[in-house]
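Q: Structure below; questions to follow.
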Amino acid sequence: EVNFLNITAMMDMMTILLVFMLISFTTQTSNITQSDQLSLAASTTAKDVQESVSVTLTKSAILVEGNPIVNVHGGAIDASDKQSGDVNGLVITPLLVALQERAKLDKKIAQVKNTVFEGAATIVADKGTPYRLLTEVMYTAGEAEYKKYRLIVLQKRQ
């Protein structure tokens, strides 16, 4: 006759489910839908896509993992969305906040997986994206501890 409840096995099961769910949420694909807002540049590269946070620059917005973060007008960010409040500022405040939150999550996931946080970001940009905007996004990502960049391009047949 058992007079107590043994929850050790139940806790083990819940821990396994938690780790499985964390790993499932970090999985991402490289399927990118091109539209009139996003047209990828072509390249002859043959490298595989690796797991990292996705930052997408379209003609009308900047997205992190598919979620709109800040609007883009004429290839530029409004001065009110910049840290310095100046149109020439490099740090995009809403993007910085979103990437810092994602970095916290990525660090926790790396800790659970017993790996090292790489700080890698995959940048998906429209082929007509101005260099200044791309620089601002990369600088902001660097401020949020994402210092390795991968650019997604459309593979051109050789």
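Q: So what's the gap between the Cα centers of the stretch 96-158 and the stretch 57-86, to the nearest angstrom?
A: 15 Å
Q: Next question. How do L134, L18, L57 rank by accessible surface area computed with a 1.4 Å probe, from largest to smallest?
A: L18, L134, L57
Q: I've got another one for you. Extension gain S60-K147, at 0.36 nm per residue separation less the Cα-Cα distance, in nm? Show your work: numbers first, answer last.
A: Values: separation 87, 0.36 × 87 = 31.32 nm, distance 2.47 nm.
Residue separation times 0.36 nm, minus the Cα-Cα distance, leaves 28.8 nm.
Q: Students often get this wrong, so check it: of K104/K127; K107/K127; K59/K108; K59/K107; K59/K148, which have C-alpha atoms separated by over 28 Å? Each step should come with its number before you reach the end.
A: Numbers: K104/K127 30 Å; K107/K127 31 Å; K59/K108 33 Å; K59/K107 31 Å; K59/K148 24 Å.
Correct reply: K104/K127; K107/K127; K59/K108; K59/K107.
Q: Which percent, to the nearest 5, of DSSP beta bridges fully inside the stretch 43-133 are antiparallel?
A: Values: 9 of 14 bridges.
Of the beta bridges lying entirely in the stretch 43-133, close to 65 percent run antiparallel.
Q: Please list D86, D126 in order of solvent-accessible area, largest first, computed with a 1.4 Å probe with all protein chains present. It would help to have the intermediate numbers written out before the result.
A: Numbers: D86 70, D126 10 Å².
Listed by decreasing accessible area, they come as D86, D126.
Q: Please give the FRET efficiency for V97 paired with H73, using the beta carbon to beta carbon distance and R0 = 25 Å, rounded to the nearest 0.05.
A: Values: r = 20 Å, r/R0 = 0.80.
With R0 = 25 Å, the Cβ-Cβ based efficiency is 0.80.
Q: Rank R150, R132 by accessible area, highest first, at a 1.4 Å probe radius?
A: Values: R150 60, R132 105 Å².
In descending accessible area the options line up as R132, R150.
Q: Any idea of S54's accessible area? Nearest 10 Å², probe 1.4 Å.
A: Result for S54: roughly 20 Å² accessible.
The values are calculated or read from the model by the stated rules, or taken from the named source; none is laboratory data. Model, not experiment: these values are computed from the prediction. All Cβ positions, even for glycine, are placed from backbone atoms using ideal geometry, and neighbour counts span all protein chains on display. Just so you know, the surface numbers come from the protein's heavy atoms only, side chains and all, with ligands and any DNA or RNA stripped out. Shrake-Rupley method; radii C 1.70, N 1.55, O 1.52, S 1.80 Å.
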